[in-house]
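Below is one structure; the comments refer to it alone.
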Amino acid sequence: MSRSQPRQLGRVLAATLGLPVLLLGSLTASAVTGTPAATTAVKQQTSSTFLDEGLCDKIRFGTNPANTLAATERAVAAFPKRINLPAGFQPEGIAIDHSGIAYFGSRADGDIYAANLRTGTGTVVSQGPGTPSLGMKLDERDRLFVAGGLGGDGRVIDTHSGEVLASYTFATATTFVNDVILSKDAAWFTDSRQPVLYKVPLGHNGKLPSQSAVQTIPLSGDYVDVPGVNNANGISLTPDDRALIFVQSSTGFLFRVDPRTGVTRKIDLGATVLTAGDGLLRSNHTLYAVQNRLNKIAVLDLNSSGTKGRLVREITSADFDVPTTAAFFGSRIYLPNARFSTPPMPETEYWATAVQR
């Protein structure tokens, strides 16, 4: 994790001793926009200790981890299950940091909106370039990697300042850069209108490269691109972290990709087809595949290499209205509702929905 040791120690002590760590008060969506102070204010409203796959805050000074996690889950259970977003925002992507701040990208103009999961309040923390912000992922340095849709680009944003740290041009025509996943040494982007993946190699300590280092990896093997519709969309890693997985929206097929060669193999899901497949989210061997216009999440069990899987169950909610991507926070999954079936107007309401894993 990227936080300094004193900050970590303070957070652990606060969690262990029950010290007050929240700044009470509220921040409305219109209060401040795109400033470091705005980002800090949103972050300070959220509890400093939470559950993220059981990997954070392992040191508890002799406390019982089970009790700590149970207390965390009780706190998260009180969080609102619906996060209202600005009217007309047109959300698509989501990423959640380790302090409980959710970042949403606008497909209208690329703005990044930060919302406090405890209070539901938030603000725009980074102004968009006028082109979309779609799939997003956060790294341990609090950098937000953003897929740029028809802008044909990917951006990296400092969530503390809202500054764009780097911008990479992948394509200039017939493009829809849709989603992104982070591996140990690279950021990988899908393009729903081109049979390729884009690789942004990361240097020592996550150093961002220059434009010249960006690689275009042609897809071959089982994958067949369908002209004129959305194809490669949500992307993840296999459980053994050796390969990539993406869903093809037009066919509902799931593919495993060799990251060195771009060779694809269709993943054996039996009779399951991920119709309207969108964002992918994995926890160990469990893959959550958002099926946007079907208003559900398919929950799959994968083998370690990601060559085979089976449908375990489906998650639905009456609050879904074409959810697109997803992010974990504790035992919850948060999904923005893109409302593709509703004409986007300045007054159109948008929100994110929380469901149990």
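Carbon and sulfur together cover what percent of the accessible area of region 280-322 at a 1.4 Å probe radius? Numbers along the way, then the final one.
On the way: 800 of 1910 Å².
Exposed carbon and sulfur together represent 42 percent of the surface.
As an exercise, use a Förster radius of 30 Å and the Cβ-Cβ distance of Ser183 and Asn84 to find the FRET efficiency, rounded to the nearest 0.05. With a Förster radius of 30 Å, E is 0.35.
When the solvent-accessible area of region 173-214 is split by element, carbon and sulfur atoms take up 53 percent of it, the probe being 1.4 Å. In this structure Phe89 has an accessible area near 10 Å², from a 1.4 Å probe over the protein heavy atoms. Annotation for region 233-296 versus region 308-326: alpha-carbon center distance of 13 Å. Ligands, DNA and RNA are left out, and with a 1.4 angstrom probe the accessible area of region 165-263 is 43 Å² per residue.
Taking packing as the residue-averaged number of other Cβ atoms within 10 angstrom, the listed peptides 108-114, 156-162 run from highest to lowest as 108-114, 156-162.
The values are calculated or read from the model by the stated rules, or taken from the named source; none is laboratory data. Given the structure is predicted, the values throughout are model-derived calculations rather than measurements. Here the Cβ is made from the backbone with ideal geometry for all residues, glycine too, and neighbour counts use every protein chain on show. Just so you know, the surface numbers come from the protein's heavy atoms only, side chains and all, with ligands and any DNA or RNA stripped out. Shrake-Rupley method; radii C 1.70, N 1.55, O 1.52, S 1.80 Å.
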